[in-house]
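See structure below.
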Amino acid sequence: MKIDFLTSGDSGQSHRLLLLFGGWGSDSALAHGLQRDDYHLAVAYDYMSTEPTPADFARIARYGEIIVVAWSYGVAAAALFMSAHPDLPVSLRIAVNGTHTPVDAHTGIAPAIFNGTLSGLSETTLRKFRLRMCGSADAFKQYCAGQLPDRSLDSLRTELEYLGGITARDVDTALWDVVYISDSDMIIPTAAQQCAWQEHPGVRIVKGSHLPDFRGIIDRDVADKQYLSRRFGRSQSTYDTQAQIQQHVAERLDRMVRPFGQSRGDTLEVGCGSGMLTRRLTSYIDSSHLTLWDIAPIPDGLPGSHRQCDAEAAIRDVASHSFDIIASASTVQWFDSPGRFVDECARVLRPGGVLAIATYGPDTFASVRPYAVGFAPRYYSVEWWRRHLEPHFDIAELETESHILEFESPIRLARHISLTGVNATRPSAAALRDMIRDDVRRLEYQPVYILAIAKSK
């Protein structure tokens, strides 16, 4: 396959890569309008294999974090690529309108339709295919204006012949964190995709055609970590006085950790913030054994060793069996892939080590979520957490509770969100007007508490 790197500059360990696997007939024009300041951007396409050149692979491997978004036939190609290179620092994996078996009577394109497309390929049939792919004349016009590939008919025919023989049937579909299926897909039928992904917990059915809204998917699912760092840094001075629920969560997590902390040493706190949990931990954990990580600058007055970093990328560089305790309060919901972070925690903890996490469940912010724009934190259920913990941990506690905050007005509610730094879920100006119109004055929190013991390997 070919890979076009659309962002110049050295990759380096401090940079992140958004790697988009295009579908059949794509080229780098597919990524039109997708550049972001916080990620370098590359596009994989023209699949005559599912392996890049050695030079392209070496360039990919230099990144500290990789987000994979794969579309159409690119889903099977990306699955084969990632399964062949499990050591790449891929955090979030998003499949869009594709399956592991793209030519299949039940879970892909029917073989007769595929063969007919291949045998009858011409400029006329290609145009009809792209029109069905876009779903409407207006969408097709927009596609031609910005995303139309510069590929010869011969190259498309050769690629389609190759793609007809690839399958990622033996790759576990759990490889993917999120699966998007358009409800009006006329290329890989919606029903076939639903059949292919019926056991996957991360399926999202969205309105649209085979060609998705890549910009909307990326903005919704890929965290802008530079933005998060700035916003949480600015909120540190007001966080302790405004974050009542987070105070309660830190207190309860501390009570869960305390019996273990008195008999164990090396401790990593992920997302220490203003020190709400840290100050409690140091009543029974010596500061010389305490390591603090946060994506925002860490206050100088906090004990222990400090590292400002993106924790879900940084933990990959930590040696196995380095810590006795990993604790995190009100943080992992901001990660691109909390599940993969848990996998890394299992590796980094010593046998019998303790993982203590407080995060939030799917009922959190239910009233304001319809008004939010941009990236949304990942609020997973107790069942989701159990499924990801059980392979590596003995679960000692896994519980949830509910809290509701009432405010005098929607303006006061929005101010609370801003002062506690959770304003990646911020309403737009128009949405705030809608909140005022609808008199939205309540904010739901659903804390999820996890205490898990690392299994002996």
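The values are calculated or read from the model by the stated rules, or taken from the named source; none is laboratory data. Given the structure is predicted, the values throughout are model-derived calculations rather than measurements. Don't worry about glycine lacking a Cβ; one is built from the backbone with ideal geometry, like all the others, and counts go over all protein chains shown. With ligands, DNA and RNA removed, areas are computed over all heavy atoms of the protein, side chains included. Shrake-Rupley method; radii C 1.70, N 1.55, O 1.52, S 1.80 Å.
Does residue 306 qualify as being in contact with a Gly (Cβ under 9 Å, 6 or more places away or on another chain) and surrounded by fewer than 24 Cβ atoms within 10 Å (Cβ to Cβ)? Lay out the reasoning, then the answer.
On the way: in contact with a Gly (Cβ under 9 Å, 6 or more places away or on another chain): no; surrounded by fewer than 24 Cβ atoms within 10 Å (Cβ to Cβ): yes.
Answer is no for this residue.
Yes or no: residue 292 touching a helix residue (DSSP H, G or I) at 6+ places or on another chain (Cβ under 9 Å), open to solvent by less than 10 Å² (accessible area, probe 1.4 Å) and farther than 18 Å from residue 449 by Cβ? Please lay out each step first, then the result.
Working: touching a helix residue (DSSP H, G or I) at 6+ places or on another chain (Cβ under 9 Å): yes; open to solvent by less than 10 Å² (accessible area, probe 1.4 Å): yes; farther than 18 Å from residue 449 by Cβ: yes.
It is true that residue 292 is touching a helix residue (DSSP H, G or I) at 6+ places or on another chain (Cβ under 9 Å), open to solvent by less than 10 Å² (accessible area, probe 1.4 Å) and farther than 18 Å from residue 449 by Cβ.
Considering the stretch 429-449 alone, what residues qualify as being among the aliphatic types (A, V, I, L, M) and part of a helix (DSSP H, G or I)? Can you show your working first?
Going residue by residue through the stretch 429-449, those that are among the aliphatic types (A, V, I, L, M) are 429-432, 435-436, 440, 443, 448.
Once the filter is applied, which keeps residues that are among the aliphatic types (A, V, I, L, M) and part of a helix (DSSP H, G or I), the stretch 429-449 yields 429, 430, 431, 432, 435, 436.
Residues that are over 27 Å from residue 87 (Cβ atoms) and open to solvent by 10 Å² or more (accessible area, probe 1.4 Å): does the stretch 323-344 have at least one?
For the stretch 323-344, residues over 27 Å from residue 87 (Cβ atoms) and open to solvent by 10 Å² or more (accessible area, probe 1.4 Å): present.
Out of all the residues in the stretch 349-364, is one or more open to solvent by 40 Å² or more (accessible area, probe 1.4 Å), β-branched (Val, Ile, Thr) and modelled with pLDDT of 95 or more? Break it down stepwise before answering.
Going residue by residue through the stretch 349-364, those that are open to solvent by 40 Å² or more (accessible area, probe 1.4 Å) are 350-351, 362-363.
Then drop every residue that is not β-branched (Val, Ile, Thr), which leaves none.
No: zero hits.
Identify the single condition in (1) within 19 Å of residue 362 (Cα to Cα); (2) out of contact with any Ser or Thr (no Cβ under 8 Å at 6 or more places or on another chain) that residue 417 does not satisfy, given that it satisfies every other one.
Just one mismatch for residue 417, condition (2).
What do you reckon, is residue 386 open to solvent by 30 Å² or more (accessible area, probe 1.4 Å) and modelled with pLDDT under 95? Walk me through how you get there before you give the answer.
Working: open to solvent by 30 Å² or more (accessible area, probe 1.4 Å): yes; modelled with pLDDT under 95: no.
No.
Would you mind stating whether residue 378 is modelled with pLDDT under 95 and farther than 30 Å from residue 436 by Cα?
Details: modelled with pLDDT under 95: yes; farther than 30 Å from residue 436 by Cα: no.
Spelling it out, it is not the case that residue 378 is modelled with pLDDT under 95 and farther than 30 Å from residue 436 by Cα.
Name every residue in the stretch 39-55 that is under 30 Å from residue 228 (Cβ atoms) and more than 19 Å from the chain's Cα centre (by Cα), in order of residue number. Lay out the reasoning, then the answer.
So the first thing to find is which residues in the stretch 39-55 are under 30 Å from residue 228 (Cβ atoms), and the list is 39-44.
Within the stretch 39-55, 44 is the sole residue that qualifies.
So how many residues does the stretch 240-284 have that are of a type outside the set (A, V, I, L, M, F, W, C), out of contact with any His (no Cβ under 9 Å at 6 or more places or on another chain), open to solvent by 40 Å² or more (accessible area, probe 1.4 Å) and modelled with pLDDT under 90?
4
Quick one: in the stretch 116-155, of everything that is part of a helix (DSSP H, G or I) and acidic (Asp, Glu), which residue is surrounded by the fewest Cβ atoms within 10 Å (Cβ to Cβ)? I'd like the intermediate steps shown before the answer.
Of the stretch 116-155, the ones part of a helix (DSSP H, G or I) are 116-119, 123-134, 137-146, 153-155.
Subset that is acidic (Asp, Glu): 123, 138, 154.
Working: 123: 7, 138: 9, 154: 9.
Only one residue tops the list, namely 123.
If a residue must be closer than 23 Å to residue 316 by Cα and either at pLDDT 95 or above or outside any loop (DSSP other than H, G, I, E, B) (or both), how many such residues does the stretch 1-27 contain?
Going residue by residue through the stretch 1-27, those that are closer than 23 Å to residue 316 by Cα are 10-20.
Filter once more, so that each one left must be either at pLDDT 95 or above or outside any loop (DSSP other than H, G, I, E, B) (or both): 16-20.
Of the residues in that region, 5 qualify.
Answer with yes or no whether residue 392 is of a type outside the set (A, V, I, L, M, F, W, C), open to solvent by less than 20 Å² (accessible area, probe 1.4 Å) and touching a residue at least 12 places away in the same chain (Cβ under 8 Å). Quick ask: steps written out before the conclusion?
On the way: of a type outside the set (A, V, I, L, M, F, W, C): yes; open to solvent by less than 20 Å² (accessible area, probe 1.4 Å): no; touching a residue at least 12 places away in the same chain (Cβ under 8 Å): yes.
When the stated conditions are applied, residue 392 does not pass them.
Given (1) over 31 Å from the mean Cα position of the chain (by Cα); (2) within 28 Å of residue 39 (Cβ to Cβ), identify the lone condition not met by residue 178.
In the conditions (1) over 31 Å from the mean Cα position of the chain (by Cα); (2) within 28 Å of residue 39 (Cβ to Cβ), residue 178 misses (1) alone.
Need pairs with beta-carbon distance below 7 Å; first residue under 18 Å from residue 68 (Cα atoms) and touching a residue at least 24 places away in the same chain (Cβ under 8 Å) and within the stretch 199-216, second open to solvent by 30 Å² or more (accessible area, probe 1.4 Å) and of a type in the set (Asp, Glu); sequence gap 6+ or separate chains.
Sorted first by the residue in the stretch 199-216, then by its partner, the pairs are 202/177.
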